[in-house]
There are 2 protein chains.
Amino acid sequence: MEIKVVRNVLDVNKTLAGRNRDRFSQEKVFVLNLMSSPGSGKTTLLEKTLVQLAPDLKCAVIVGDVCTSNDADRLAVSGAPVVQVNTDQFGGDCHLAAHVIAAAADDIDLEDIDLLIVENIGNLVCPAEFDIGEDARAVVLSVTEGEDKPAKYPVMFRVCDAAILNKTDLLPYLDYDVGAAVGYMGQVHPEMPVFQLSAKTGEGIDPWIGWLKEQVTRKRSRG
Amino acid sequence: MEIKVVRNVLDVNKTLAGRNRDRFSQEKVFVLNLMSSPGSGKTTLLEKTLVQLAPDLKCAVIVGDVCTSNDADRLAVSGAPVVQVNTDQFGGDCHLAAHVIAAAADDIDLEDIDLLIVENIGNLVCPAEFDIGEDARAVVLSVTEGEDKPAKYPVMFRVCDAAILNKTDLLPYLDYDVGAAVGYMGQVHPEMPVFQLSAKTGEGIDPWIGWLKEQVTRKRSRG
């Protein structure tokens, strides 16, 4: 019974996500859905990413949290427009759903934007199941989280187009097997690129920035 | 509409959780619901906790994951009975619900057990909303996750009876403000004890073990 209820919610979401996708396409905005566990470093990665993209792309961010505007405050420093969504007004939702993104997008001048990045709620399960009308999905995994997360949360790693293995600056202090983590990702999603980097120090961030720019450019050349 | 649907699911869950609670009470089993983000170190903490409790309490574990039996394999080494629940059979659920715990408990000889520990799905949002018939709840937060998680995920920290601040062995390598993290917890849930420890090295684990034993003893003396 519970599963059927969830299925209905997902069907409604799918329809609304399709509307978002049409709207973003018309406005020529590329949308990235960035997901991860709580505390994997999404916001720090975004702070650095926004700075690096600024010369080439006009970016905006929708950032989701159950409570607080801490992340929006941090990201606003970049100068990019930032809209904070607090899901405690939506039943404390553990994910951003398509109707929430539609409402948040009303507060952004989409005509003026090349790339909209959605920083989803920190959660490795539910956000993977809710299409928000995005063009690409990326997951951030921290090296402090254990190697086997891709095997334990396979849906997330299966739906994503890229993965970031973050906090590599901590590797000298951990018993962490990078090869094992990348191996688990390869089992779940063989073609997915994995970017090993430290958002904190900036080491290894360039290939990730290059990949993201390429996605936006490729969509533009198609549209 | 979605919120109403979620409300119905929670009402059904509450009824089934009540049945679990009666059953555990009759069998004189204390039930701890252990929750956290993915990768905060719940399983390592449990490995150490089971060893320390073994001389005094007969323990069993129900461990939830979306996929894999990695955690059950690790915990089985302790000799305590371990039941693995994979929620991919329950719609890939992001939490353990009361009916799932009821089914898993059928595989445990409850008469022979003092303490049943439920290692919930790695998720700081949904598990906090699903009563499973437990006597106490604890949340594990890792010092690699950032100080503000209690403010961002207040429901979890509000429903818990104790918090563990784990991976303190990594503090020398992080810019982490322990006082700020404990302060956020105190704002959300002023009376909650916070145990700072490293499950990996065992440092600081004794007060946590003492607290847990005390909970079980207190319930016994009441019942």
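Quick notes on this structure:
- Where A:Glu191 falls short, out of the listed (1) over 17 Å from A:Trp211 (Cβ atoms); (2) modelled with pLDDT under 95: (1)
- Residue count, the stretch A:69-92 (criterion: at pLDDT 90 or above, part of a loop (DSSP other than H, G, I, E, B) and surrounded by 18 or more Cβ atoms within 10 Å (Cβ to Cβ)): 2
- Selected residue (criterion: farthest from the other protein chains (Cβ to nearest Cβ)) from residues of the stretch A:142-164 that are small (Gly, Ala, Ser) and under 17 Å from the mean Cα position of the chain (by Cα): A:Ala162
- When the stretch A:23-40 is filtered for residues that are within 14 Å of chain B (Cβ to nearest Cβ) and not in a loop (DSSP other than H, G, I, E, B), the ones remaining, listed by number, are A:Met35, A:Ser36.
- For the stretch B:116-123, the count of residues that are in a loop (DSSP other than H, G, I, E, B), of a type in the set (Val, Ile, Thr) and at the interface with chain A (Cβ under 8 Å from one of its Cβ atoms) is nonzero.
- The residue pairs whose first member lies in the stretch A:183-202 and is over 24 Å from A:Leu170 (Cα atoms), whose second member is in a loop (DSSP other than H, G, I, E, B), and whose beta carbons are closer than 8 Å, counting only pairs six or more residues apart or on different chains, are A:His189/A:Cys160.
- Among the residues of the stretch B:165-223, those that are farther than 21 Å from B:Asp135 by Cβ and polar (S, T, N, Q) comprise B:Asn166, B:Thr168, B:Gln187, B:Gln196, B:Ser198, B:Thr201.
- Within the stretch B:51-65, one or more residues are surrounded by 19 or more Cβ atoms within 10 Å (Cβ to Cβ) and in contact with a Cys (Cβ under 6 Å, 6 or more places away or on another chain).
- Pairs linking a residue in the stretch B:56-70 that is farther than 15 Å from B:Val118 by Cβ and more than 10 Å from every other protein chain (Cβ to nearest Cβ) to a residue that is in a loop (DSSP other than H, G, I, E, B) and of a type in the set (A, V, I, L, M, F, W, C), with Cβ atoms under 9 Å and 6 or more positions apart or on different chains, are B:Leu57/B:Ile113; B:Lys58/B:Ala80; B:Lys58/B:Ile113.
- Hits in the stretch B:165-182 - residues which are in contact (Cβ under 8 Å) with a residue 40 or more places away in the chain and either more than 9 Å from every other protein chain (Cβ to nearest Cβ) or touching a helix residue (DSSP H, G or I) at 6+ places or on another chain (Cβ under 6 Å) (or both): B:Asn166, B:Ala181
- Within the stretch A:127-146, the only residue that satisfies the criterion of being part of a loop (DSSP other than H, G, I, E, B) and of a type in the set (Ser, Thr, Tyr) is A:Thr144.
- Each residue in the stretch B:93-107 was checked for being assigned to a loop (DSSP other than H, G, I, E, B) and touching a residue at least 24 places away in the same chain (Cβ under 8 Å), and 6 pass.
The values are calculated or read from the model by the stated rules, or taken from the named source; none is laboratory data. Being a predicted model, the structure only gives us computed values, none of them experimental. Glycine gets a Cβ as well: all are built from the backbone with ideal geometry, and neighbour counts include every protein chain shown.
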